[in-house]
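Chemist: Below is the structure I would like to discuss, written out as structure tokens.
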Amino acid sequence: MSHILVHGSVKHRLQWDSPPEHLSFDPLLITLAEGLRETKHPYTFVSKEGFRELLLVRDAPEKAVPVLPRLIPVLKAALSHSDDDVFERGLNALVQLSVVVGPSLNDHLKHLLTSLFKRLRDKKFKEPITKALQKLEQHGGSECLIIIKAKIPTYCSICC
């Protein structure tokens, strides 16, 4: 892996061997997404922070869109996980991804929404999931709203 964890007294951070903008998203972004299912530190931190930092690079959209077909099943596994923290990391990663790839995520969304719909029954996830769906709609556009409503009929659009 091309990073190490630097332990600070208060804040941890990743120190990359190569700048993240020079790294290939295939397979690194997928590997980091697989790590979202980890439950032990430092793996949880490395996967979450590494995923976030890769998606912040300038050419992230061009690098992320081609790996979506391989990334979606991995995100679905995190969103379907029984561990609440793993689910939350998956949900955050999904939102971060939607910001970067926008409507390109729409074709893959139906594979992820069932997991979100199931968790909506849990009161503690109602608000985070609703906010995530709003972000997905915001970045995915009107087509995204149609896809969300088909899988989660109770969702209320932010545009209304």
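The values are calculated or read from the model by the stated rules, or taken from the named source; none is laboratory data. It should be emphasised that the depicted structure is a prediction, and the values quoted were computed from it without experimental measurement. Note that each Cβ is placed from the backbone with ideal geometry, even for glycine, and that neighbours are counted across all protein chains shown.
Chemist: Would you say Ser115 is free of Cβ contacts under 8 Å to residues at least 60 places away in the same chain, hydroxyl-bearing (Ser, Thr, Tyr), in a helix (DSSP H, G or I) and more than 17 Å from Lys76 (Cα to Cα)? Steps first, please.
Modeler: On the way: free of Cβ contacts under 8 Å to residues at least 60 places away in the same chain: yes; hydroxyl-bearing (Ser, Thr, Tyr): yes; in a helix (DSSP H, G or I): yes; more than 17 Å from Lys76 (Cα to Cα): no.
When the stated conditions are applied, Ser115 does not pass them.
Chemist: Turning to a different aspect of this structure: I'm checking my understanding of the structure. Among residues of segment 124-160 that are among the polar types (S, T, N, Q) and outside any helix (DSSP H, G or I), which one is surrounded by the most Cβ atoms within 10 Å (Cβ to Cβ)?
Modeler: Among those residues, the one meeting the criterion is Ser157.
Chemist: I would also like to ask the following. Part of a loop (DSSP other than H, G, I, E, B) and surrounded by fewer than 21 Cβ atoms within 10 Å (Cβ to Cβ): is that true of Thr44 in this structure? Lay out the reasoning, then the answer.
Modeler: Working: part of a loop (DSSP other than H, G, I, E, B): no; surrounded by fewer than 21 Cβ atoms within 10 Å (Cβ to Cβ): yes.
Considered against the rule, which asks whether it is part of a loop (DSSP other than H, G, I, E, B) and surrounded by fewer than 21 Cβ atoms within 10 Å (Cβ to Cβ), Thr44 comes out as no.
Chemist: So which residues in segment 24-38 are of a type outside the set (Phe, Trp, Tyr) and either surrounded by 19 or more Cβ atoms within 10 Å (Cβ to Cβ) or touching a helix residue (DSSP H, G or I) at 6+ places or on another chain (Cβ under 7 Å) (or both), if there are any at all?
Modeler: Correct list: Asp26, Leu28, Leu29, Ile30, Leu32, Ala33, Glu34, Gly35, Leu36, Arg37, Glu38.
Chemist: Could you please let me know if Pro61 is assigned to a helix (DSSP H, G or I), surrounded by fewer than 14 Cβ atoms within 10 Å (Cβ to Cβ) and not charged (D, E, K, R)?
Modeler: Judged against the criteria, Pro61 is not a match.
Chemist: A follow-up question, please. Note down all Cβ pairs under 7 Å where the first residue falls in segment 63-85 and is of a type outside the set (Gly, Ala, Ser), the second is outside any helix (DSSP H, G or I) and crowded, with 16+ Cβ neighbours inside 10 Å, and they're at least six residues apart or on different chains.
Modeler: Pairs that qualify, where the first residue is of a type outside the set (Gly, Ala, Ser) and the partner is outside any helix (DSSP H, G or I) and crowded, with 16+ Cβ neighbours inside 10 Å, are His81/Arg37.
Chemist: Answer yes or no: is there a residue in segment 26-35 that is β-branched (Val, Ile, Thr), over 20 Å from Ala132 (Cα atoms), assigned to a helix (DSSP H, G or I) and at pLDDT below 95.
Modeler: Within segment 26-35, not a single residue is β-branched (Val, Ile, Thr), over 20 Å from Ala132 (Cα atoms), assigned to a helix (DSSP H, G or I) and at pLDDT below 95.
Chemist: For segment 54-65, check the following and say yes or no: at least one residue is closer than 20 Å to Trp16 by Cβ and β-branched (Val, Ile, Thr).
Modeler: yes
Chemist: Moving on. Sort through Leu116, Leu91, Leu55 and tell me the only one that's surrounded by 18 or more Cβ atoms within 10 Å (Cβ to Cβ) and within 17 Å of Phe25 (Cα to Cα).
Modeler: From the options Leu116, Leu91, Leu55, the qualifying one is Leu55.
Let's see how each residue does on (1) at pLDDT 95 or above; (2) within 16 Å of the chain's Cα centre (by Cα); (3) not hydroxyl-bearing (Ser, Thr, Tyr):
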residue	(1), (2), (3)
Leu14	no, no, yes
Pro19	no, no, yes
Glu38	yes, yes, yes
Lys48	yes, yes, yes
Pro61	yes, yes, yes
Pro69	yes, yes, yes
Ser98	yes, yes, no
His108	yes, yes, yes
Leu113	yes, yes, yes
